[in-house]
Amino acid sequence: MHQSPPIACTTSRSKNRFQDDDASSISASSSSKSSSTTVSTPHTSVASSTEESTLDDLKHYIALGCLHLDSHVPVQANSTPTLESTWTEVLHSQLPGEVKLIIGTEASQLLDAQWIRLFFRSQRESVHSIARVYLLPEDWSRRSISRSSIALKRALRQLLDQIDTSPNAWAGDLPDAQIQSFDPWAGQLDTSLYYFFNKLPSPSPNPALIKNRYTRRAAYDLLGSAQASEWEDDGEQPLKGLRTRLYPYQARSASLMIEREAAPQLQLDPRLETRTAPNGDKFLYCARDGSFLQEPRFYESNRGGILAETMGLGKTIICLAVILATKGHHPQIPELYRPPLPVRASVGTLKEMTAHVPGRYALPGKVCLEEMAEHADVNLPRLNTVLDDNMPYYEIPPEMPRMNRTTRIPPARQYVMCSATILVVPKNLLHQWQSEIRKHLLPQALKILVVDTVSKRSKAKAAPVDQAGFDSASELPAPTELMKYDVVLFTRNRFEQEIQDGADNQGRRYVAGVSRACNCPYIGATRIANCSCFDSGTVYESPLLKLHWLRIVIDEGHNFSSATSNAVLVAKQIQAERRWVVSGTPAKNLVSVEVDMSTMEVDDEDPILLRESAIEQRKTFNLTDESKAVKALGSLASNYLMVRPWCASSVEGGLDWDEYIYRHEHPHRKTYSAFSTCFQRTLEGLVVKTRPEDVEKDIVLPPLKHNVVYLQPCWFDKMTANLFIQVLRANAITSERTDVDYLFHPNSVKAKHSLIRNLRQSNFTWTGFSVESVVSTLETSAKYLSKEDRKCSLEDAQSLLESSQAVAGLPTTADWAALSTAHEVGVAVKAWPADSEESFAFAYPEKPTMIGMAQLLEGQLHVDSNIKTDDPSSNLILIGEAGKSKIAAMAEAELQKSGIPQGLIEGSQPLNSRRASVLASKALPKKSGNNESTNTPEPTTPLPARPKKRKLTHDDETASLPADSPLLDTCIIGTTSAKLTYVIDKVVEHQGSKKIIIFYDGDNAAFYIAQSLEALYVNHRIYARQLDNTKRSEYVKLFNEDATVRVLLIDVACGALGLNLNAASIIIIVNPINRPGLEAQAIKRAHRIGQTKEVLVETLVLENTIEHAIFERAKKMSRAQHLEAKELEDDAGITEIIQSAQILPVSNDEQGLAKFALLKVPQQLFGRPNRDKYHRIQVKDTPEKSRKKAKISKTTTPSKGSGVNTSIVIEDPPQTSSWAGGLIPDL
């Protein structure tokens, strides 16, 4: 039988009651041998019983239910009814042997041990019998009646299977009606975690429950801060220091947070659940050990929890309001360690005695003095000094080690009470928190210390105090200095470094009880010890661990669910009275229904009905879908929030989370049949979250529309898709789907993921196939198909022949081959200046003129720089020749390096853009020890001379072309990427009135989109993973505040979480994200509080491609399937889609202009307006040998059985490693 850990908590019964109970139990045992006509119980020794005394005595028993017996149990003739005139108690000592057989072994054993009492109803005319069963609870008569017998517990568990709990049976009716069996397992809640989470009651604070008048006033102030203020015209709210008026739901959440901090309620022990007996009485039952109790046992609820308001509804301002309302409040000294009242040698002064009171009883003394000085004009600076001199503290005695002669007893740990809050935020959100503080709080409302890591290259500098009242530091000051701040704002990286507490500079730690005596010899004749022993003088002692903090708050705290991470280990060591996690997703994929709805395609449906429908669809309990999320919540509650009884403490061990929050239908094993009622109670006590219908009463966000845009692939898109299919088919068929050569072999996981990642990114555009690699795979396929001993089916041979024929003409197609060599996205241009057309065109004299985007930008810059001259296109031919020469030089350098085509070279770095110069100049300097072989050899082909660039003046940037200039006819009419064309159209359509976010997947897409935006002179920034967090934060701030920055490109891998980008109202997702949780997070960056416009979200999908099929499959995948597939391609359905992909048909009519994805409106190229408002990058030429190389992700699959030593190569288009810096101008 499962044994529950000992329960150590408060009960509502007094000691006297226990003593009376035990005394009566002893007297009861002495009269257990009286006759059956005497009602003998563990609580009375009266010789003759009456109905009144019997009923009074049974109040200490639990009415368990009835036993239905198949045989008649005769009651002795001299028996007197003792209960309700028809029920007679029969004791075990008076039962004949045949009656014991009738009631069963289990009931007989329990009756003999005085665990139960049986009352039979006399019914002579019936062949059946019915008996009431009363059970003695385990919290009664424990001294006289042992409850430790495992055999009796097993007998009780078996007896419960026979109990009927129906009211009819209790009334004495034989089982004609339905029998209600006793449920021996935890109360069942057959609903999902998602349903629980979205059905949690909205905050309904009751500040009257708070005993401390100062905290109670703070809670009321928060509720009042949602009301109009008479000081609003002066920029101040009823809550002092708060600039922004809270919405009512925010005020309720903040007030409830303070109520939970200051007035924790008693919560029923989670092991117990309340049940109703057949007679209507309540009792408590623990399903895991089968114990019954009459008196409730409680734990004090946690002083904190999880603030889980939906993304975009203002969790940041709620936290700031809570901190501001409790500014100057102190935590209470733990009662266990509260020091006794001081005993003075002489009578102290009134000032000295009074100074101890605020600290001892956690009163905000300094706040009171400040209010007196402000409102009553009573200034008492000397009292502030006295309070500083009498800072409250307490000591925790050390744990005593095993003693020996050299044992040193460690000193007691001392903690000083501190009114500050520790706030830990992700490093990339630090600047956003600072921005939110400036936005919502008045200057100097809070004194804040920002603690962040310092780059290894940075020198330690004293950071100045900025105008918003922030102090900055990389090293923590002394505890007395820390106590002067209201908030210590950490980045998580810096917070984790406090794990060094107690270690020396070699990472060694002192072990209690071990002597630190040093016996090392001296060095030679000196008195210098040759020693590296542990020295307490070199041990780092974290100032955080010397204070008892008021509060610790973790933003995006779902990451604190790991029990072993450094951040959690540090947080566990910190003494903090109140602990909060701030996260709209407390566990992975656990989101509010509004976030889920943001990923749905809706057609003006009722949002309320849609929301309820979405919740009902995920109502059913599903262990596979949510087990990880439930486990993460348990870890968060146990390891960071320190919620009893789940966390281990010095008094008791922590309970097993899974043991009690699930319903297990077996006494020993965990069956995970459903959630238990305990889980619901625990969630309600932890989470603060407002239901959407209550939010909508206070605020209505603009509508959100999410559309999927299916684009027809252009000829170049089709060729890219067909090339990937050819590679996949050649790999599968020539390797005969065996061994590691096969991409989908279990041992080729890394190669498979690399290829499929490239396949996903190729739906935007792709230039990673070289002419040589295409020829190689075609030759390999042809040789394999010509073999007589090939081991493939006729269907395989036909499919490989089909794909080979589809791409066979590419090596001789001039425009495709030129793009592959230059690694450019092609642009179709109309009316390019004729004298320089040949030097720019990739496939001269084909029409329309196709030019690489990088060369196009060079030509545009040249013309726009000379727009005031008589002939702005003069010397344009030199620009084109220089660009082509650069491409040729790149190819020549590759051949010099290895003598094989560039497509087979790892780490080659073609120079495909004028931006390469900028990128190289911004790249980090190389280390001196680098191998020179990684550098690209200098080309032997001399580059043609080109006109020297000059700095543009304002007149140059505002000048326009003459009305009759032929350069006005030069325009962009299309590109070689359907998605890029659509993005350009969308930006041109909306950038004048709306800001746009573009989520991209892969650096290639960002590179090409940024080039296109530059050609349109549209100011943009890129939130890329290559940037440091400071630069990212600057770009977010700039996008939100600078009206000239219209577009923000965001890498979905690093920018989908935590950002506030409500300045945007158009979101374009270039490649489907296919992960519902991540997609929802990305969309909510713009659809949040502060948004005033309708938000339009568009996901771009190439129609009838592998991307299209994967997108449809991902939408149909269940939550469990998404969780199971670590990478999306790990899903069997998606693997099947990739393996069975079909060739895209190409029409003979797709020639010339029909090859391109055409713009809706051709875009003027030269002399565009508003050039002066564009944030231009200063470009300078950089020698090729100084350019930094970047590794190219490559999948190489040797063909099998072909008799040739040829590889199938899929590789990323070459990129410059630090491209992000070049695409984004310095400010």
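Quick test for you: out of Gln414, Gln432, Gln444, pick the one residue that is open to solvent by less than 70 Å² (accessible area, probe 1.4 Å) and either modelled with pLDDT of 80 or more or charged (D, E, K, R) (or both).
It is Gln432.
Mind checking which residues of the range 1084-1114 are crowded, with 21+ Cβ neighbours inside 10 Å and of a type in the set (Asp, Glu)?
Residue satisfying the conditions is Glu1107 alone.
Report those helices (runs of 4 or more DSSP H) wholly inside the range 772-866 carrying at least 2 residues which are open to solvent by less than 20 Å² (accessible area, probe 1.4 Å), in contact with a His (Cβ under 7 Å, 6 or more places away or on another chain) and closer than 28 Å to Asp1172 by Cβ.
none
Taking the conditions exactly as written (over 24 Å from Arg760 (Cα atoms), crowded, with 22+ Cβ neighbours inside 10 Å and in contact with a Pro (Cβ under 9 Å, 6 or more places away or on another chain)), does Val1036 satisfy them or not?
no
Filtering the range 1056-1080 down to residues that are under 21 Å from Glu1034 (Cα atoms) and not in a strand (DSSP E or B), which residue is modelled with the lowest pLDDT?
Filtering the range 1056-1080 for residues that are under 21 Å from Glu1034 (Cα atoms) and not in a strand (DSSP E or B), the one modelled with the lowest pLDDT comes out as Ala1056.
If Arg729 satisfies all but one of (1) at pLDDT 90 or above; (2) under 30 Å from Thr767 (Cβ atoms); (3) surrounded by 15 or more Cβ atoms within 10 Å (Cβ to Cβ); (4) in contact with a helix residue (DSSP H, G or I) (Cβ under 9 Å, 6 or more places away or on another chain), what's the number of the condition it fails?
Against the list (1) at pLDDT 90 or above; (2) under 30 Å from Thr767 (Cβ atoms); (3) surrounded by 15 or more Cβ atoms within 10 Å (Cβ to Cβ); (4) in contact with a helix residue (DSSP H, G or I) (Cβ under 9 Å, 6 or more places away or on another chain), Arg729 comes up short only on (1).
Going by what's in this entry, would Ile437 be described as open to solvent by less than 20 Å² (accessible area, probe 1.4 Å), within 25 Å of Leu324 (Cβ to Cβ) and at pLDDT 85 or above?
When the stated conditions are applied, Ile437 passes them.
Please specify each residue of the range 1016-1031 satisfying the condition of being modelled with pLDDT of 80 or more, surrounded by fewer than 23 Cβ atoms within 10 Å (Cβ to Cβ) and not in a loop (DSSP other than H, G, I, E, B).
Result: Lys1031, single match.
Of everything in the range 156-198, what is in a loop (DSSP other than H, G, I, E, B), open to solvent by less than 60 Å² (accessible area, probe 1.4 Å) and touching a residue at least 24 places away in the same chain (Cβ under 8 Å)? Give them in sequence order.
Once the filter is applied, which keeps residues that are in a loop (DSSP other than H, G, I, E, B), open to solvent by less than 60 Å² (accessible area, probe 1.4 Å) and touching a residue at least 24 places away in the same chain (Cβ under 8 Å), the range 156-198 yields Ile163, Thr165, Ser166, Gly172, Leu174, Phe182, Pro184, Trp185, Ala186, Gly187, Ser192.
Only one of these is closer than 27 Å to Ala576 by Cβ and either surrounded by 12 or more Cβ atoms within 10 Å (Cβ to Cβ) or among the charged types (D, E, K, R) (or both): Pro397, Pro342, Pro392. Name it.
Of Pro397, Pro342, Pro392, the one residue that is closer than 27 Å to Ala576 by Cβ and either surrounded by 12 or more Cβ atoms within 10 Å (Cβ to Cβ) or among the charged types (D, E, K, R) (or both) is Pro392.
Among the residues of the range 1097-1126, which ones are touching a Leu at 6+ places or on another chain (Cβ under 8 Å) and either modelled with pLDDT of 85 or more or on the phi > 0 side of the Ramachandran plot (or both)?
Of everything in the range 1097-1126, those that are touching a Leu at 6+ places or on another chain (Cβ under 8 Å) and either modelled with pLDDT of 85 or more or on the phi > 0 side of the Ramachandran plot (or both) turn out to be Val1097, Leu1100, Val1101, Leu1102, Glu1103, Asn1104, Thr1105, Ile1106, His1108, Ile1110.
With the requirement that a residue be surrounded by fewer than 17 Cβ atoms within 10 Å (Cβ to Cβ) and assigned to a helix (DSSP H, G or I), what does the range 368-385 give you?
Cys368, Glu370, Glu371, Met372, Ala373, Glu374, His375, Pro381, Arg382, Asn384, Thr385, listed by residue number.
Of the residues Pro278, Pro270, which single one is closer than 23 Å to Tyr61 by Cβ, in contact with a Phe, Trp or Tyr (Cβ under 6 Å, 6 or more places away or on another chain) and either open to solvent by less than 10 Å² (accessible area, probe 1.4 Å) or touching a residue at least 60 places away in the same chain (Cβ under 8 Å) (or both)?
From the options Pro278, Pro270, the qualifying one is Pro278.
Looking only at the range 1153-1176, how many residues end up being in a helix (DSSP H, G or I) and touching a Pro at 6+ places or on another chain (Cβ under 7 Å)?
Selection size over the range 1153-1176: 1.
The values are calculated or read from the model by the stated rules, or taken from the named source; none is laboratory data. Keep in mind that what you see is a predicted model, and the values were worked out from it rather than measured. When we count neighbours, we look across all protein chains shown, and the Cβ atoms used for this are built from the backbone with ideal geometry, even at glycine. Heavy atoms of the whole protein, side chains included, go into the accessibility calculation; ligands, DNA and RNA do not. Shrake-Rupley method; radii C 1.70, N 1.55, O 1.52, S 1.80 Å.
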